[in-house]
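Step one of this worksheet: look at the structure below.
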Amino acid sequence: MKNATPSNTGNTSNVITPLSAGTWYVEINRIDLTNAKITLYSDSSYLTSVSTATETYSANVLNDLRYLKCSEYSNNAGTNHTLSGTIDDVSFYNGSMSKPTNVENNSILVEKDTGKRFWFDTDAVTTSTGTFTWDGKVTSADNNNQGFYVANTSSVVYGKKIESVSFWLKKVGSPTGTAYCRVWGNSGSGTTVTQLHEFGSIDSSTLASSYTKYTFDTGSYTLAVGDTVGIAFTGSSASTDLVGQLGNLSVGFDSGNTYRGRKTTSTWSPVSAHNIKFEVIYPTWIEET
């Protein structure tokens, strides 16, 4: 970290951990007038700490910080300290990086710099709307993964940290095996798709015979463009023994920004003219007025 011109040495901070190829996340947090804490993380949620160092600087460095420099560290004299990689998504915060989520309902957050007051509410709910009468069959024969697809940043669920997701399901015939509620990334087309999270599962034979709301709430996941959240089922080989998922054959409920995501036997191909009935719950802060 520097408060001098780029050619000057300035003050340096070292988080001494040998890094392998991949993506790493660094947080620099000022503790007080002359101390800062540098933490290296392996995940984008900044939860898994790999290395931490607390450094002491002269007060003017932290007060007048102007430059950040990253380089590969070496104890060898004369080593060329260059960085083989890319630095992106750099953000500066005057205070907390984000409003906390690990607090009780009805807690109050007061921003010190603005005086704004926020109520913490964990019960923010988004439910797809429409007239749902269509049987969206989830089966190993076809549509073995099916749910809702986040098409773009205008989707009402884009960027939401989902803590539970519900679908209206039923059993058709006599299915056997487990149905899973999962999140898949890069699911806009083709076959190169990654499973990103699993909210839970259910024994398909225990599903009701008529459409019933089932909720899955293991862990949490922040939705991005190209994600599909849905039901995966390949348990029964017979095309008559399957999981029914309630939907409709009309455009997505939020002007077509969130609509039916699906995978046929091998290829992902969302259908913008279809909609799946779902409900998601996520934490939010409500500004006091």
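The values are calculated or read from the model by the stated rules, or taken from the named source; none is laboratory data. Being a predicted model, the structure only gives us computed values, none of them experimental. Here the Cβ is made from the backbone with ideal geometry for all residues, glycine too, and neighbour counts use every protein chain on show.
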(1) more than 22 Å from Gly130 (Cα to Cα); (2) of a type in the set (D, E, K, R); (3) buried (at least 18 other Cβ atoms within 10 Å of the Cβ): which one isn't true of Lys161, the others all being true? (3)
In segment 255-289, residue nearest to Thr126 (Cα to Cα) [restricted to those that are over 22 Å from the mean Cα position of the chain (by Cα) and modelled with pLDDT under 90]: Ser255
State the number of residues belonging to segment 28-59 that are under 19 Å from Tyr221 (Cα atoms) and aliphatic (A, V, I, L, M). 1
With respect to the numbered conditions (1) in contact (Cβ under 8 Å) with a residue 40 or more places away in the chain; (2) under 21 Å from Gly235 (Cα atoms), which one is the sole condition not fulfilled by Ser205? (1)
Could you grab me the full set of residues in segment 158-179 that are outside any strand (DSSP E or B) and of a type in the set (D, E, K, R)? Lys160, Glu163
Select from segment 151-170 the residues that are over 18 Å from Gly219 (Cβ atoms) and either touching an Asp or Glu at 6+ places or on another chain (Cβ under 8 Å) or not assigned by TED's automatic domain parsing to the domain that holds Phe199 (or both) and list them in ascending order. Ser154, Ser155, Val156
Set Gly200, Gly252: member being assigned by TED's automatic domain parsing to the domain that holds Asp142, in contact with a strand residue (DSSP E or B) (Cβ under 6 Å, 6 or more places away or on another chain) and modelled with pLDDT of 95 or more: Gly200
